[in-house]
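Report on one structure; see the data block that follows.
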Amino acid sequence: MRCALGRGGVRADKREGDGATPAGRFSLGPVYFRPDRTPAPGTGLTVIAIDPGLGWCDDPAHGAYNRPVRLPHPARHERMWRDDGLYDLLAVIGYNLDPAVPGLGSAIFLHVAKPGCEPTEGCVALALPDLRALLALCGPEDVLRIEAQ
């Protein structure tokens, strides 16, 4: 499947804001989907509906760094309910989660690609049909391996 990676390439030394996709082997999940735009995916991973009050903290100075948050949120964050459709379906890539180390990068997702499969801010992105097909094969024991070419 054709995919888009971070505009900063693939790096083993990923940092917040560098635009790089982290190299390594990572768990997947949970899966989030926007129910007003796409049906829940068939997958062996945990599935959660996105609502307009869901965000993701990307502020390294906040205790909720690299975690989902409820909006409004006092620290810097991303809105998960996006107009551009990129987060209509996504799986969290298990990078820098347990524990989240401030500054090593946040909000690293497997999500819907932009038209033309343009580079991401550090995520992995696939066309929506390919993302659905991939998630249909995934369960909690599966991992995503990201390597520099």
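Under the condition of being in contact with a strand residue (DSSP E or B) (Cβ under 7 Å, 6 or more places away or on another chain) and either modelled with pLDDT under 95 or surrounded by fewer than 23 Cβ atoms within 10 Å (Cβ to Cβ) (or both), the residues counted in segment 87-108 number 2. Answer with yes or no whether PRO102 is over 20 Å from VAL124 (Cβ atoms), touching a Gly at 6+ places or on another chain (Cβ under 7 Å), in contact (Cβ under 8 Å) with a residue 40 or more places away in the chain and not in a strand (DSSP E or B). Spelling it out, it is not the case that PRO102 is over 20 Å from VAL124 (Cβ atoms), touching a Gly at 6+ places or on another chain (Cβ under 7 Å), in contact (Cβ under 8 Å) with a residue 40 or more places away in the chain and not in a strand (DSSP E or B). Return the residues of segment 100-119 that are closer than 17 Å to HIS77 by Cα and of a type outside the set (Gly, Ala, Ser); say none if nothing qualifies. Matches in segment 100-119: VAL101, PRO102, LEU104, ILE108, PHE109.
The residues in segment 26-38 that are surrounded by fewer than 16 Cβ atoms within 10 Å (Cβ to Cβ) and under 24 Å from GLU141 (Cα atoms) can be counted, and the count is 1.
Evaluation of HIS62 against the conditions (1) crowded, with 16+ Cβ neighbours inside 10 Å; (2) free of Cβ contacts under 8 Å to residues at least 40 places away in the same chain; (3) touching a strand residue (DSSP E or B) at 6+ places or on another chain (Cβ under 6 Å); (4) not aliphatic (A, V, I, L, M) shows that the sole unmet condition is (3).
The values are calculated or read from the model by the stated rules, or taken from the named source; none is laboratory data. Quick caveat: nothing in here was measured; it's all calculated off a predicted structure. We place every Cβ from the backbone using ideal geometry, glycine too, and count neighbours over all the protein chains shown.
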